[in-house]
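Any read-out appearing in this document is the output of simple, stated calculations on the displayed coordinates, not a laboratory observation. For clarity, every value in this text was computed on a predicted model and none was experimentally measured. Glycine gets a Cβ as well: all are built from the backbone with ideal geometry, and neighbour counts include every protein chain shown.
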Amino acid sequence: MDFDHRAAVFLHRKINGQRTLSALMQILLGNRTAQTISDLHLFHLEQFAGILKYAPGEIRNSFEKTLRATFHEDLQKTADGLSETAHPLSEEFDGMNYEWTGRAAHLWESLSLFIQTLSHLKQGDRFFFPVSSDMRIQQQVKSVLKNRSLNELIEAMYQELLFPLQDLNEPVQALFVDRLTVKNEVGLSYAQLSSNYQMSPFEAYIMVRSALHALLAAHDFNPAAYPILNMLMPKTAFEDDEALTESAKQTRQLLNKGLSLQEVSKTRKLKISTVEDHIVELAHVDYDFDYGPYLEETELKEILKHIREYNLTRLRLLKEATGGKYTYLQLRIAMAMARRRKQ
């Protein structure tokens, strides 16, 4: 089974028929809605969050076709031949932290432009077509160039890339290097990488992004050890708060002031169901979230017992199992708490 189909089967199994292809695509595209945020945590798809957000259109379309075919074919024989522990992504890949937030996309633009610039300047060429047309990225790279001499920057950049990348599989290293543009050598497209390395463009894309994620993880673990990378990073570091929609943040501000669900609805001129979506979003993402106003401890324990005992992830089945005495909001909050206590 090739990489694309293995990934599609894995995702199909994760949602287990409880969400549509469209709902799954919202997670992969990194679209921030209360439902998407709830789903990616509920089905433990954090690693896949935003995985297609910055992928070229042809790669997105191709993988969506593979997913669609997977959703409509009989997968039983295929699935039986796939180990339960088989996972299409490497340990380095962290969609929630790096794709969902746009950090990987920013680093790729700034790093690839920086390396292109160093290679041209090293050969005395100050005029070339930059790989990034983003003026903010260009200004960021220019500010790094003022930091040290050219030779110092080249040596420092080499050392900072060497340590995080040397532990990756050789194909990942090679794919990453081949994507970079230097003087007299244009970086290969994903279609060209696909042909050269006998893999799908989607797999080539994931491998290149995995290398980026490895750099981001190394930097985040010890920023002081990566001064050049640090200057090429986006100005705002990732925080849990970035996983929230802006609308949910506004609702949280009002809730923290003591307003009730109904009062928030009236103040913000939103439907009650929309405010409830925000509350569930907060339950999943905000680790300071207080479920007390919605569920007593004894009620939460009872719902959690049913979730764990019967492995329930469908609201309708959970409502039936608990005798219909809890609202859907209470059940959704409890499901968020179940996920968090499982971590």
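General remarks:
- The chain, dipole about Cα centre (Lys/Arg Cβ +1, Asp/Glu Cβ -1), debye to the nearest 20: 980
- Annotation for the range 259-300: GluC sites (Glu not before Pro) lying in DSSP loop with at most 15 further Cβ atoms inside 10 Å of their Cβ are Glu296.
- C-alpha center-to-center spacing [the range 120-162, the range 242-263] in angstrom: 43
- Förster-model FRET efficiency, 41 Å R0, Ser149 and Asn311, C-beta, rounded to 0.05: 0.10
- Distances between placed amide hydrogens fall under 5 Å for Val182 paired with Gly187, all partners being 5 or more residues away or on another chain.
- Length-normalised contact order of the chain in % [C-alpha pairs under 8 Å, at least 6 apart]: 19
- Degrees between helix 135-145 axis and first principal axis of the chain (Cα, 0 to 90, nearest 10): 60
- Cα-Cα P(r), the range 246-343, percent of pairs per 5 Å interval: 2, 13, 25, 22, 18, 12, 6, 1, 0
- Stokes-Einstein D for the range 150-304, Kirkwood Rh over Cα pairs, 10 °C, 1.306 mPa s (µm²/s): 80
- Pairs over the 25 Å Cα-Cα cut-off, from the set Lys122/Lys146; Lys266/Lys301; Lys53/Lys146; Lys142/Lys183: Lys266/Lys301; Lys53/Lys146.
- Listed residues Gln250, Ala334, Val264: farthest to the positive end of the dipole of the range 242-342 (Cβ charges): Ala334
- Viscosity 0.692 mPa s, 37 °C: Kirkwood-radius Stokes-Einstein D of the range 103-240 over Cα pairs, µm²/s: 211
- Label-reachable residues, the range 308-337, where backbone N falls under 20 Å from a point 7 Å from Arg268's Cα toward its Cβ: 328-337
- Given charges at Cβ of Lys, Arg, Asp, Glu: the chain dipole, positive-most of Phe10, Leu161, Ala23: Ala23
- Put a plus charge on the Cβ of each Lys and Arg, a minus charge on the Cβ of each Asp and Glu, and nothing anywhere else: the dipole of the range 103-240 about its Cα centre is then about 540 debye.
- P(r) tail fraction, the chain - alpha-carbon pairs more than 24 Å apart, %: 62
- Packing, taken as the mean count of other beta carbons within 10 Å per residue, orders the peptides 59-65, 284-290 from highest to lowest as 59-65, 284-290.
- The Glu320 and Arg13 beta-carbon pair, evaluated with R₀ = 30 Å, returns a calculated FRET efficiency of approximately 0.80.
- Helical mean residue ellipticity (222 nm; -39500 (n - 2.57) per DSSP H run of 4+; nearest 500) of the chain: -19000 deg cm²/dmol
- Cα extents for the range 268-314 along the principal axes, largest to smallest and rounded to whole angstrom: 39, 22, 17.
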